[in-house]
Amino acid sequence: MHSLIARMLSRLAIEPRIDVVFPDGTLQSVGQGAAPRLRMRIVDSPTELKLALNPELALGEAVMDGRVVVEQGSLYDLLDALVAAMHRARPKGWGKVLEGLRTAVRRFHQHNTPALARRNVAHHYDLKSDFFRLFLDPDMQYSCAYFAEPGMTLAQAQLAKKRHIMGKLDLQPGQRVLDIGCGWGGMALSIAGETGASVTGITLSEEQLAIARQRGAEAGLPVEFRLQDYRHLNEPFDRIVSVGMFEHVGVGFYRDYFRKIRELLSDDGVALVLTIGRSSPPGATNPFIAKYIFPGGYIPAMSEVAAAVEQEGLVITDVEVLRLHYAETLKIWRENFLARRDEAVAMYDERFARMWEFYLAACEASFRHDDLVVFQFQLAKKLDGLPITRGYIAEREGELGKAL
């Protein structure tokens, strides 16, 4: 099995060099550079076999179980090198077969009916809110920040993200806003507090709902939070915002999602959908992420989103692609998490902490080197619902900043 893993790694243009220590003590160096900076140890032979057959799943599981150990360098350093090399090489042979199989059955794994969607959300978002506080900003924004200026802190960049979205929505006092996937309520509270609009936030997470309702009551703002699926809404709204929720819709429900947005929007209404996206053609969810982090989740290609929007009669009035902003966000989350890792272990256990370190590190590396970006789709029911140039977005952002 040594030769199989060594051959697989040798096909990758890895920088820097990695020393791989096998269960029998054999050492194989792969990559470039005179002096190795990284060293990983495979603890036992069963793990060696799993890594050879299904590395995308097996590496994360092995790290979780302590069966792959990084002995020199950090876990992020290792994943950064591997992800960059794998992106340059692209899947071949057995790896390409596995990717094709995952893509072929993706609709089955993303059959997110209302009942299954709620179960999938609970798997991730009903973790203790105090756990997420270990690494998020004080407003608990669990999505890509917007580093509009150099040197921004995470809190500043998350506020900039919210104001950028509010600017695109051209929000006005008295408007009725729907927040699909409202999380712990930060976006809804910012909209209500900074624009004078009233906001209805919906989530499928009971843990998030409790925090959002508590925050809403303390703020005294015109916000309402509900435990509700977007498919069960039948009220009109002037504006709709959805940040980081579309990844949980599932490819088989894209048209249902955009049909519901069209039904809920007033005739001159505007929606803003922010989602992680892939700059490559449609594919499949990483097997580790699908099994342990976001069951039922999927990162869409722009072609998949645009096709569903067009088929449901909405107008794409603006699209923005954010590059590397999520990598920077994840870097801060990862550093925050590592600084308080002992608390995560106390809340759950060591295996859970390893899983989350792997998740945050792998995602950061993927946003730096792979085909992952962030899409912001601005949608409307008609062409003249917004100013015809983008200048108003910056103007509205500036006004929001001055108002506080």
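Summary of computed values
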| read-out | value |
| --- | --- |
| Residue list for region 281-300, restricted to those being of a type in the set (A, V, I, L, M, F, W, C) and in a loop (DSSP other than H, G, I, E, B) | ALA284, PHE294, ILE299 |
| Among the residues listed as ALA339, ALA365, the single one being touching a residue at least 40 places away in the same chain (Cβ under 8 Å) and among the aliphatic types (A, V, I, L, M) | ALA365 |
| Sole residue being over 21 Å from the mean Cα position of the chain (by Cα), surrounded by fewer than 20 Cβ atoms within 10 Å (Cβ to Cβ) and assigned to a helix (DSSP H, G or I), chosen from GLU207, GLU194, GLU149 | GLU194 |
| Test: residue in region 395-402 that is closer than 17 Å to TYR146 by Cα, in contact (Cβ under 8 Å) with a residue 40 or more places away in the chain and among the aliphatic types (A, V, I, L, M) | yes |
| Failed criterion for GLY167 (all others in (1) open to solvent by less than 20 Å² (accessible area, probe 1.4 Å); (2) without any contact (Cβ under 8 Å) to a residue 60 or more places away in the chain hold) | (2) |
| Residue match in region 180-189 (condition: without any contact (Cβ under 8 Å) to a residue 40 or more places away in the chain and touching a Ser or Thr at 6+ places or on another chain (Cβ under 7 Å)) | no |
| Extreme residue, surrounded by the fewest Cβ atoms within 10 Å (Cβ to Cβ), among residues of region 299-314 that are touching a Pro at 6+ places or on another chain (Cβ under 9 Å) and not aliphatic (A, V, I, L, M) | SER303 |
| In region 106-133, residue nearest to LYS291 (Cα to Cα) [restricted to those that are modelled with pLDDT of 95 or more and open to solvent by 70 Å² or more (accessible area, probe 1.4 Å)] | LYS128 |
| Unmet requirement for LYS381, which otherwise passes all of (1) in contact with a Gly (Cβ under 8 Å, 6 or more places away or on another chain); (2) surrounded by fewer than 14 Cβ atoms within 10 Å (Cβ to Cβ); (3) not hydrophobic (A, V, I, L, M, F, W, C) | (2) |
| Candidate set: region 342-357, residues that are charged (D, E, K, R) and within 20 Å of VAL70 (Cα to Cα); chosen: the one least open to solvent (accessible area, probe 1.4 Å) | GLU357 |
| Close pairs (7 angstrom Cβ cut-off, 6 or more residues apart or separate chains): more than 17 Å from MET245 (Cα to Cα) in region 122-141, small (Gly, Ala, Ser) and open to solvent by less than 20 Å² (accessible area, probe 1.4 Å) anywhere | PHE131/ALA344; LEU134/ALA344; ASP139/GLY186 |
| Conditions (1) at pLDDT below 85; (2) surrounded by 16 or more Cβ atoms within 10 Å (Cβ to Cβ); number of the one not met by THR103 | (2) |
| Filter result for LEU136 (under 30 Å from ASP342 (Cα atoms) and open to solvent by 30 Å² or more (accessible area, probe 1.4 Å)) | no |
| Matching residues, region 340-384, being under 19 Å from PHE135 (Cβ atoms) and polar (S, T, N, Q) | SER366 |
| Condition check for ARG323: of a type in the set (D, E, K, R), surrounded by fewer than 16 Cβ atoms within 10 Å (Cβ to Cβ), touching a helix residue (DSSP H, G or I) at 6+ places or on another chain (Cβ under 7 Å) and at pLDDT 95 or above | no |
| Residues (without any contact (Cβ under 8 Å) to a residue 12 or more places away in the chain and closer than 22 Å to ALA361 by Cα) located in region 15-64 | ALA58 |
| Selected residue (criterion: modelled with the lowest pLDDT) from residues of region 33-86 that are farther than 22 Å from ALA327 by Cα, surrounded by 17 or more Cβ atoms within 10 Å (Cβ to Cβ) and acidic (Asp, Glu) | GLU48 |
| Members of region 5-29 found to be in contact with a Leu (Cβ under 9 Å, 6 or more places away or on another chain) and either outside any strand (DSSP E or B) or modelled with pLDDT under 85 (or both), listed by number | ILE5, MET8, LEU9, LEU12, ILE14, PRO16, ARG17 |
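Each row is one residue, and each column tells you yes or no for (1) under 21 Å from ALA307 (Cβ atoms); (2) acidic (Asp, Glu); (3) open to solvent by 20 Å² or more (accessible area, probe 1.4 Å); (4) not in a helix (DSSP H, G or I).
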{"residue": "ARG226", "(1), (2), (3), (4)": "no, no, yes, yes"}
{"residue": "ASN234", "(1), (2), (3), (4)": "no, no, yes, yes"}
{"residue": "ARG239", "(1), (2), (3), (4)": "no, no, no, yes"}
{"residue": "SER242", "(1), (2), (3), (4)": "yes, no, no, yes"}
{"residue": "ASP256", "(1), (2), (3), (4)": "yes, yes, yes, no"}
{"residue": "ILE261", "(1), (2), (3), (4)": "yes, no, no, no"}
{"residue": "ASP268", "(1), (2), (3), (4)": "no, yes, yes, yes"}
{"residue": "ALA271", "(1), (2), (3), (4)": "yes, no, no, yes"}
{"residue": "LEU274", "(1), (2), (3), (4)": "yes, no, no, yes"}
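The values are calculated or read from the model by the stated rules, or taken from the named source; none is laboratory data. None of these values were measured; they are calculated from a predicted model. Virtual Cβ from ideal backbone geometry, glycine too; neighbours counted across all protein chains shown. Accessible surface areas use protein heavy atoms only, side chains included; no ligands, DNA or RNA. Shrake-Rupley method; radii C 1.70, N 1.55, O 1.52, S 1.80 Å.
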